[in-house]
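Just so it is clear, none of the values below were taken in a lab; they were calculated from the coordinates. Please read these numbers as outputs of a predicted model, since none were measured by experiment. Note that each Cβ is placed from the backbone with ideal geometry, even for glycine, and that neighbours are counted across all protein chains shown.
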Amino acid sequence: MVLFYVDDSGDEHMTTFTAIGVPAGRWNEGLACWLGWRRRLHDDYGVDVDYRLHANEWVAGRGRPAKDAHALVNRNKPARWQIYVAALDALAKIPGLVVLTVAQAGSDRAAAYRELIRRIERFIAKERTHALVIVDGDGPDLRTLHRELDLSSRRIVEDPWKRDARENQWLQAADFVAYAAYQHIARRPDRGFMWHWYERCLGDCVICENAEGPPEDDPSESPSKTEYVAGTDDSTKRLQG
């Protein structure tokens, strides 16, 4: 069984969904790794372990993550960006973690999510296992998309399980990965410093399915297809623990 934690990102021009997958047998070990990083974040910057990490707000410098009003993380965007990269690096070290991202032009979230669960189905069929999908409870109702799957052969069990991201560490981690993936693909000029975080930090964890990549560093370019799947071939890579 693989637990997939899902989040989305995008705008009116593009919609992306990202899933981070954790084998159920290594869930405890993976969460311990992430919480270890959260404790280091607290020790170094004063950000409580239970403080909700929200990628967009974090990068933009909004909010006061540390209780000390004068803490560096409350007033310095580059410090936050450095922490963001450290979070992705910490995730990349989690044994067995896999990452999958799909994107489509426009704002049709249902179509993008439908493609995501189709890709998850393909992956877990190769792995000969099953999966449970966990989403933020504040998100849209995705049950109907799960119920479109063929009941006789589907490997994603149950409807999407809704949890509150404010209280779930994995969903907060998925949010960080999803926003990095979106910036990697969309190449927004005002987020140029983020363009390569996804591939550099998590490239070895990405489930790869085709030869299409993101546009080149020219932000005026856009993906040549309406659908983008992060990766370069039909292999699956994992970092070793």
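Are there any GluC sites (Glu not before Pro) in the range 7-89 that are in a DSSP loop and have at most 10 other Cβ atoms within 10 Å? List them by number. Don't skip to the answer; put the middle values down first.
Values: sites: Glu12, Glu29, Glu57; in loops: Glu12.
Counting only loop positions with at most 10 other Cβ atoms within 10 Å, the GluC sites (Glu not before Pro) in the range 7-89 are Glu12.
Would you mind classifying the range 1-140 by shape? Square roots of the alpha carbon gyration tensor eigenvalues, ordered a ≥ b ≥ c; an a/c under 1.5 is rounded, otherwise it is prolate if a/b is larger than b/c and oblate if not.
Numbers: a/c = 2.67, a/b = 1.42, b/c = 1.88.
Taking the square roots of the gyration eigenvalues as a ≥ b ≥ c, the range 1-140 is oblate.
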